[in-house]
Structure formats: structure tokens, C-alpha cells
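Participant: Pasting a structure here, questions to come.
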Amino acid sequence: MKPIATTRSATGIPTGRLAIWWVLASEVVIFGGLLGSYLMHRLGHPEWANAAAHTNVWFGATNTFVLLTSSFTAVLAHQAAEAGNGKKAAGLLLMTMGGALTFLVIKSIEWTNEIMHGYTITANGFWSFYYTAAGLHGLHVIAGAIVMGFIAFDAYRGRELQRVELIGIYWHFVDVVWIFLFPLLYIAK
């Protein structure tokens, strides 16, 4: 039995794909506003460079590698789903979820270290933006991993394989956001 409303008749675009792009458009507005605000404040507060010097570039770079690797497994999951191999797609989505978990563990170790050294969300404006932007991104990683788990469950049973592409699109967006956050928060000192 085919799912209800899988294709929009006026455009021919699958409903799920259209929906995920609308979601991502709203996310671009949210992250764009946050990053635009950060850039404006950063330009107006040169003393933020001193605070930014205390971010750990190695943690940030490692997390960049982890997210890019997890995006690769998401692409492989999509290929498997398109080939009709739900079990392989599910396994690759689990690997992608493992990347999400690894990212979050590294981020929690990093934050614990920073907080222990007094770099808290209330330390100054830089740290406020840092924790807000990285925290919002982390929430998107968590949400993506949770949804991915449900999609992997269905994919393993050979159901709703088109959703593997949709979660992959979302996951790539999460990666792209990090690609902007990493240099702004870690490298630009």
C-alpha cells in the first residue's frame, strides 16, 4: 500500500522533499539571524578575539571530521535505499547516528573542560554566542539522530525508503551549519 500524498500533482515534487526544503528554509533564517548577529557583534567587540582564543580548535576540527564522515554514511544510506536495500540503508543510518553520538560526546567533553576553566555562558558576550550557537546546533544534531532512528527502523523493514533521502538532506544541512560555525567560533581569533 502506497503512503497517502507522496507526490504533489501540481509540481511533481514528492511531498516529503518539498516539506524538508521548507523546513530547511526556516532553519536558514534562524541560523542566518544568529550568525549574522554574531558577526555584527564580533566586529564591534575586538576583545572577543581574546575569549575566542580559548576555544579548542582540535575538538572543533575533530567534530568537523566526525560530521563530514557521518554525512558520507548518510549518502551511502540514500544510495542503498534507492537500490531497494532497506537493511543496508538502516545499517548506514545507524552509523550516521553513531557519528551524531560521537559529535555530542566530544562536544560535552569540550564544554565540561571550558566550564571548568570558567568559560561559561555568562562569562562574556563571546561565550554567550558560542554556547547559544553551538547549543542550537547540538539540538539539531539530537533531533536529526532521533528522527533518523525512526527512519532506520522503517528502512530495515523495507518501508518508506524514500524517507532515507529526506533525513539525509536534513543531515547535510546540519553539517553545513557546522561548516560555518567551526571557522567563526574556533578559527577566527
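Participant: Can you pull out every residue in the stretch 49-58 that is assigned to a helix (DSSP H, G or I) and closer than 14 Å to Y131 by Cβ?
Facilitator: A51, A52 - these are the residues of the stretch 49-58 that are assigned to a helix (DSSP H, G or I) and closer than 14 Å to Y131 by Cβ.
Participant: Being out of contact with any Cys (no Cβ under 6 Å at 6 or more places or on another chain) and in contact (Cβ under 8 Å) with a residue 40 or more places away in the chain narrows it down to one of V105, V66, so name that one.
Facilitator: V66
Participant: List the residue pairs whose Cβ atoms are under 8 Å apart, where the first residue sits in the stretch 10-33 and is outside any helix (DSSP H, G or I), the second is of a type in the set (D, E, K, R), and the two are 6 or more positions apart or on different chains.
Facilitator: Sorted first by the residue in the stretch 10-33, then by its partner, the pairs are P14/R8.
Participant: Quick check, is I115 part of a helix (DSSP H, G or I) and modelled with pLDDT of 95 or more?
Facilitator: yes
Participant: Here is a check on your reading of the model: is T62 surrounded by 19 or more Cβ atoms within 10 Å (Cβ to Cβ) and part of a helix (DSSP H, G or I)?
Facilitator: Considered against the rule, which asks whether it is surrounded by 19 or more Cβ atoms within 10 Å (Cβ to Cβ) and part of a helix (DSSP H, G or I), T62 comes out as no.
Participant: When the residues of the stretch 67-123 are narrowed to those that are basic (K, R) and under 30 Å from Q162 (Cβ atoms), which ends up surrounded by the fewest Cβ atoms within 10 Å (Cβ to Cβ)?
Facilitator: In this case the residue turns out to be K87.
The values are calculated or read from the model by the stated rules, or taken from the named source; none is laboratory data. This one's a predicted model, so the numbers in the text were calculated from it and none came from an experiment. We place every Cβ from the backbone using ideal geometry, glycine too, and count neighbours over all the protein chains shown.
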